[in-house]
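Chemist: If you scroll down you'll find the structure; I have some questions about it.
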Amino acid sequence: MHMSLCSYRKRNMARVVSIVVLVAFLLATTGIGYARPKATVSRRAAVPVVTATPKPPVAVPSRPALPKVDRRASTAAAPKPEVSVDEASIILPECHGWLHVYKWVDYDGDQVWDTDEPPMEGWRFTVRKLLRTWTLVTDATGHATMQADVGTYLVTEEARIGWSWLLPRSVCLAEGENESLYFGNHECALTKGFSLTYPGAPSGASFYVVVKGLLAGQVTLPLVVDPGTGAYTAQRDVLWHSVITVEWWMSGSGGNVLLGTTGPERLDRDVTNAFSYDSCVGGTKFEDLDGDGIRDPDEPGLGGWTIRLFPEMVGIAPATVSWIAETVTEGDGSYSFCQLPPGDYRVEEVLQEGWTQTLAPVGSFRVEDGVDVRCLDFGN
């Protein structure tokens, strides 16, 4: 029993020693938790220690330093390099056209530029494209022009008091094209003048016109003599395209006498109506050698004889009417009464002692504007 216990203890001690040796071996081979001494004592022959020679460092080329760029700086401030270019050698595509505007006085309002309608200088036009605006002013020929990019433009003419106005016009301008717009205008109110010429008018007579066809109805305008020309004149503002008729009247001791009528007339511009009254009647006083009441080629005229003019008055005996004018025959026997107011007249001669009348005008004759009668002959 005792021997068995001693044997058991020896066997256990041998196991413990074996385990300790194994652990020590492992620690020695792995280096875990084991500090090697500075000097190692080995039973083996000493092995010389070979120290490795370090390799020289390899020179690596360095990258050049790049300039720092301040990206916050404005690129607009950087000057652009100047490049010399021969402009004549560069052909650019056309990206523009020409816009033309024409302006004239359109008297008849038909938007057709007639030969008697003058151009209008100094008329302003506004040209718009989106938010851009240009101004054109017509020259002495009524023309204005501008070079413009392709696109759509709106052209508006200025509005002037007293003139008609046209609506704005749109035009589409393509590359290389010439586009023309025409604007004809007329005055809304016109000045109509009246001028009467009556050489040798009766003393004390006055004159006036009656204008018919105005918006205001019939208007009577007195005519006042112009000292410079001797004509009797007046003026009146009328609407454009009014159609009027004018009556020219004389007022005198014999009452009101119509000298003549002009019109109807359509008004499209400032113009003066001129009316000249002219009338003349006369004849010849001759010696009727054969007493046949017919003037033969060999029968001479008689000068120095008095011829009188009488008005023909309805309902009044001729013998009771006084003559209103007289004249004396020329050397060839001729006589005349000119610038007589319209009306009916008759002529008589003043007989001279020793002469017998063989021919005289019979009855009365009518005088009006433009009359020229030369056949009121007397034979004795």
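All of the numbers you see were taken from the coordinates with simple rules; none came from a lab. In this text the structure is predicted, and so the values were computed from the model without any measurement.
Chemist: Can you tell me, using C-alpha contacts under 8 Å and at least 6 residues apart, the relative contact order of segment 157-198 as a whole percent?
Modeler: It comes to 44 percent, rounded to a whole number.
Chemist: For THR145 and THR327 in one chain, what is 0.36 nm times their gap in residues minus the Cα-Cα distance, to one decimal in nm?
Modeler: Between THR145 and THR327, full extension yields 58.5 nm more.
Chemist: May I pose another question? Can you list the residues, at least 5 places off or on another chain, whose amide H is less than 5 Å from the amide H of TRP305, using H built in the peptide plane?
Modeler: THR329
Chemist: Over segment 200-298, what relative contact order in percent results from Cα pairs under 8 Å that are six or more residues apart?
Modeler: Answer for segment 200-298 is 22 percent.
Chemist: Normalising by the residue count of segment 241-299, find the relative contact order in percent from Cα pairs under 8 Å and 6+ residues apart.
Modeler: The value is 26 percent.
Chemist: A follow-up question, please. Using a cut-off of 12 Å between alpha-carbon atoms, which aspartates and glutamates can reach LYS212, once sequence neighbours fewer than 8 places away in the same chain are excluded?
Modeler: Cross-link targets: GLU247, GLU265.
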